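Student: One structure coming up, written as structure tokens, with questions to follow.
The values are calculated or read from the model by the stated rules, or taken from the named source; none is laboratory data. Nothing here was measured: the structure is a model prediction, and the numbers come from that model. Don't worry about glycine lacking a Cβ; one is built from the backbone with ideal geometry, like all the others, and counts go over all protein chains shown.
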Amino acid sequence: MVTIDEKVLPDLDAAAKTWLDRLQSALGDGAADATAELFHPDAWWRDLLAFTWDLRTAHGHDALAARIAGASSAGSVSFSLTDRPVLVEAGAEPWVQAVFELRTAVARGRGVLRLVERDGVWRAWTLLTAMDELIGHEELVGARRPFNSLEGPGRTWPEVRERQREFADGEPAVLIVGAGHSGLGLAARLGRLGVPTLVVDRNERIGDGWRNRYDSLVLHDPVWYDHLPYLPFPPNWPVYTPKDKLADWLEFYAHAMELNVWTGSELAETKRDGDGWAVTVRRADGSLRTVRPRHLVLATGVSGTEPNMPDVPGIDDFRGLACHSRDFPRGVDFAGQKAVVIGSCNSGHDLAQELYEKGAQVTMIQRSPTYVVSLAGSAIAMTGMYDGSGPPTDVADLLSASFPFKCAPEMHQATTAAMAEHDKELLAGLEKAGFLLSSGINGTGALQLFLQRGGGYYINVGCSELIAEEKIGLRSGVEPARFTPTGLELSDGSTLDADVVVFATGYRGMVETARRLLGDEIADRCGPVWGLDDEGELQGVWRRSGQDGLWFMGGNLAMARFYGKFLALQIKAHEVGLLEPRTTSKGGE
């Protein structure tokens with residue numbers, strides 16, 4: 001903690017306002033030569049649509065100068081402080097943090113500025129500019145809410161909703177595949193922007209994507225982090241949500257937000273149709289309906305729906321049950337049976353714990369090191385932000401997004417070290433049992449693993465203690481080599497007897513789901529989806545893909561809540577002619 005002499009503190013309001021005025025002037029003139037005076041040499045400017053119509057991060061003076069030079073396309077720009085700036089004392093030097101509003105020729109937004117002092121001059125270390133709404137096309141909420149939900153005399157609300165849900169009077173502009181939290185949240189945002197949207201899901205009920213998973217599943221993030229757009233969880237909601245409770249909430253959310261969802265429905269055929277799509281949907285009753293949306297969104301989860309099932313020889317000779325975690329049977333009594341779980345991340349641990357609690361003799365196969373943190377330890381990273389003492393969710397989201405994903409790794413390293421110190425007894429017990437531990441990519445914990453690999457970590461809800469106490473067996477640093485009739489032979493030549501083998505080995509990604517639904521040509525055109533690009537932004541998700549009219553939506557509940565807004569704004573901008581389609585062979589620019 002750095003101690004500041006109060007007598008030498010500047011007028012924080014004046015420092016922030018002066019800097020924003022200087023930026024406004026530089027942007028108006030395209031004055032790239034102002035970069036060195038405005039920005040620290042290690043500065044970051046993250047823009048979410050406001051100036052780039054994309055999710056972009058500029059780092060370093062050359063990239064920042066190019067950003068300033070190109071900002072004239074946004075037209076006239078103005079900035080104004082919304083709250084008094086604050087001095088934040090953390091790390092090697094303090095910074096002044098200010099939240100502001102911005103306006104361009106077509107949009108309003110918000111931003112976060114962090115200033116550091118060097119040689120008597122306050123320069124920006126981080127800058128976030130984020131679009132909130134399109135001028136003239138604002139969300140139909142608050143004072144703009146509809147007067148009622150009826151479209152004409154003599155109709156009741158159920159009749160109106162049925163016609164809307166069935167698109168009896170027109171076509172959807174957007175078709176979303178997947179009625180999980182990502183798809184429903186995006187549909188809610190599009191609905192508030194007046195964009196007709198249909199969601200299809202192959203499950204029988206909304207929420208079955210959670211409801212049908214293994215019984216012990218509980219969300220690993222706290223309630224303050226997991227709210228859905230417009231409709232936060234009620235104040236009596238538990239800190240950690242059981243999966244069936246979340247499933248029921250998603251079903252309620254769809255009804256409350258008047259979302260148009262067809263359950264028990266799948267895409268039978270999809271092809272390009274001019275500037276849009278012709279999508280034939282097989283309904284729950286077996287009937288076929290062709291709709292022609294201009295936009296198609298795959299909201300089938302970060303990892304997609306295609307299981308990553310290793311090809312282990314001899315599986316046909318195995319006399320027991322072998323399956324991927326997606327197909328793990330619910331409610332089956334495994335008491336007295338020998339079970340092997342392959343995989344040591346969240347799903348692997350949860351399944352091993354469930355099998356143990358059902359009376360099975362369980363062994364986990366850990367193929368590579370895993371980052372482990374307790375629920376209490378993981379809460380350290382959210383203290384003062386996503387907890388009972390934190391700011392409103394929309395402010396917490398803005399502040400969180402204002403640190404680019406690759407910015408300040410030392411802060412993530414320090415937080416990860418604090419978590420490890422909190423969990424030192426738990427981690428020592430795991431090491432003693434032979435569990436291979438990781439501290440994440442360059443010691444940054446779970447976040448970078450999630451962003452870059454989509455996994456590699458476990459947030460402990462009880463399985464780590466079972467491993468440390470050797471109630472669940474462990475084989476580390478080995479792979480399954482082949483099945484035998486009675487179990488598995490491992491890569492070190494040892495064998496394991498098994499009645500059931502579960503592969504908790506993840507999924508193959510959203511592009512492979514696109515390949516199954518849309519074919520190789522379109523999937524190959526999409527480019528990478530997920531993983532960080534050279535600027536440190538996630539590839540292909542929440543932004544334009546390599547195929548015009550095809551979008552990918554995903555992320556945990558918090559990321560889907562925040563970034564779904566930017567995907568909805570891009571689609572709305574396309575609809576009103578503010579954002580032209582672009583045709584590229586790969587995603588990105």
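Student: Can you pull out every residue in segment 327-345 that is within 18 Å of Leu474 (Cβ to Cβ) and out of contact with any Asp or Glu (no Cβ under 8 Å at 6 or more places or on another chain)?
Tutor: Passing the criteria: Val340, Val341, Ile342, Gly343, Ser344, Cys345.
Student: Can you confirm whether Thr300 is in contact (Cβ under 8 Å) with a residue 12 or more places away in the chain, part of a strand (DSSP E or B) and of a type in the set (Ser, Thr, Tyr)?
Tutor: Here the answer is no, as Thr300 does not meet what is asked.
Student: Then there is this: Within segment 308-326, take every residue that is under 18 Å from Arg508 (Cβ atoms) and charged (D, E, K, R) and give me the one that is modelled with the lowest pLDDT. First the steps, then the outcome.
Tutor: The initial filter retains those residues of segment 308-326 that are under 18 Å from Arg508 (Cβ atoms), namely 308-312, 323-326.
So of that shortlist, the ones also charged (D, E, K, R) come out as 311, 326.
On the way: Asp311: 95, Arg326: 89.
Here the answer is Arg326.
Student: Restricting attention to segment 337-354, report how many residues are over 25 Å from the mean Cα position of the chain (by Cα) and either under 21 Å from Glu489 (Cα atoms) or aromatic (Phe, Trp, Tyr) (or both).
Tutor: Final tally of qualifying residues: 7.
Student: Being touching a Ser or Thr at 6+ places or on another chain (Cβ under 7 Å) and either surrounded by 16 or more Cβ atoms within 10 Å (Cβ to Cβ) or in a loop (DSSP other than H, G, I, E, B) (or both), is that true of even one residue in segment 148-158?
Tutor: Scanning segment 148-158, I find no residue that is touching a Ser or Thr at 6+ places or on another chain (Cβ under 7 Å) and either surrounded by 16 or more Cβ atoms within 10 Å (Cβ to Cβ) or in a loop (DSSP other than H, G, I, E, B) (or both), so the answer is no.
Student: Name the one entry in Val261, Val302 that is out of contact with any strand residue (DSSP E or B) (no Cβ under 6 Å at 6 or more places or on another chain), closer than 30 Å to Ala558 by Cα and surrounded by 14 or more Cβ atoms within 10 Å (Cβ to Cβ). So that I can check it myself, show each step before the final result.
Tutor: Numbers: Val261 fails: out of contact with any strand residue (DSSP E or B) (no Cβ under 6 Å at 6 or more places or on another chain).
On inspection, the qualifying residue turns out to be Val302.
Student: Against the condition buried (at least 20 other Cβ atoms within 10 Å of the Cβ), touching a strand residue (DSSP E or B) at 6+ places or on another chain (Cβ under 9 Å) and outside the structural domain of Ile342 (by TED's automatic domain parsing), how does Phe552 come out, does it pass?
Tutor: Yes.
Student: Same structure again: Of the residues Val312, Val332, only one is touching a strand residue (DSSP E or B) at 6+ places or on another chain (Cβ under 9 Å), surrounded by fewer than 15 Cβ atoms within 10 Å (Cβ to Cβ), of a type in the set (Val, Ile, Thr) and under 30 Å from Leu488 (Cα atoms); which?
Tutor: Criteria check complete, one pass: Val332.
Student: A follow-up question, please. Go through segment 115-130 and count every residue that is within 10 Å of Phe39 (Cα to Cα) and not aliphatic (A, V, I, L, M).
Tutor: The qualifying residues number 4.
Student: In addition: Restricting to segment 235-284, name every residue that is aromatic (Phe, Trp, Tyr) and assigned to a loop (DSSP other than H, G, I, E, B).
Tutor: Answer for segment 235-284, where residues must be aromatic (Phe, Trp, Tyr) and assigned to a loop (DSSP other than H, G, I, E, B): Trp237, Tyr240.
Yes/no matrix, rows are residues, columns are (1) more than 30 Å from Thr18 (Cα to Cα); (2) without any contact (Cβ under 8 Å) to a residue 24 or more places away in the chain:
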{"site": "Trp122", "(1), (2)": "no, no"}
{"site": "Phe147", "(1), (2)": "yes, yes"}
{"site": "Thr156", "(1), (2)": "yes, yes"}
{"site": "Ala179", "(1), (2)": "yes, no"}
{"site": "Arg202", "(1), (2)": "yes, no"}
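Student: Let me ask something additional. Can you name every residue in segment 285-294 that is surrounded by fewer than 18 Cβ atoms within 10 Å (Cβ to Cβ) and either among the hydroxyl-bearing types (Ser, Thr, Tyr) or not in a strand (DSSP E or B) (or both)?
Tutor: Of everything in segment 285-294, those that are surrounded by fewer than 18 Cβ atoms within 10 Å (Cβ to Cβ) and either among the hydroxyl-bearing types (Ser, Thr, Tyr) or not in a strand (DSSP E or B) (or both) turn out to be Asp285, Gly286, Ser287, Thr290, Arg292.
Student: Determine if segment 285-297 includes at least one residue that is of a type outside the set (Val, Ile, Thr), within 26 Å of Tyr214 (Cβ to Cβ), touching a residue at least 12 places away in the same chain (Cβ under 8 Å) and out of contact with any helix residue (DSSP H, G or I) (no Cβ under 6 Å at 6 or more places or on another chain). Even if it seems obvious, please write down each step before you answer.
Tutor: Of segment 285-297, the ones of a type outside the set (Val, Ile, Thr) are 285-289, 292-296.
Then drop every residue that is not within 26 Å of Tyr214 (Cβ to Cβ), which leaves none.
Within segment 285-297 (the criterion being of a type outside the set (Val, Ile, Thr), within 26 Å of Tyr214 (Cβ to Cβ), touching a residue at least 12 places away in the same chain (Cβ under 8 Å) and out of contact with any helix residue (DSSP H, G or I) (no Cβ under 6 Å at 6 or more places or on another chain)), the answer is no, since none of the residues qualifies.
Student: Consider Glu204 carefully, then state whether it is modelled with pLDDT of 95 or more and either within 21 Å of Met382 (Cβ to Cβ) or surrounded by fewer than 18 Cβ atoms within 10 Å (Cβ to Cβ) (or both).
Tutor: So Glu204 fits the description; yes.
Student: May I pose another question? Among the numbered criteria (1) in a loop (DSSP other than H, G, I, E, B); (2) within 26 Å of Gly564 (Cβ to Cβ), which one does Leu398 miss?
Tutor: (1)
Student: With (1) within 29 Å of the chain's Cα centre (by Cα); (2) closer than 22 Å to Asp13 by Cα; (3) surrounded by fewer than 20 Cβ atoms within 10 Å (Cβ to Cβ) as the list, and Phe100 as the residue in question, which single condition is left unmet?
Tutor: Unmet condition: (3).
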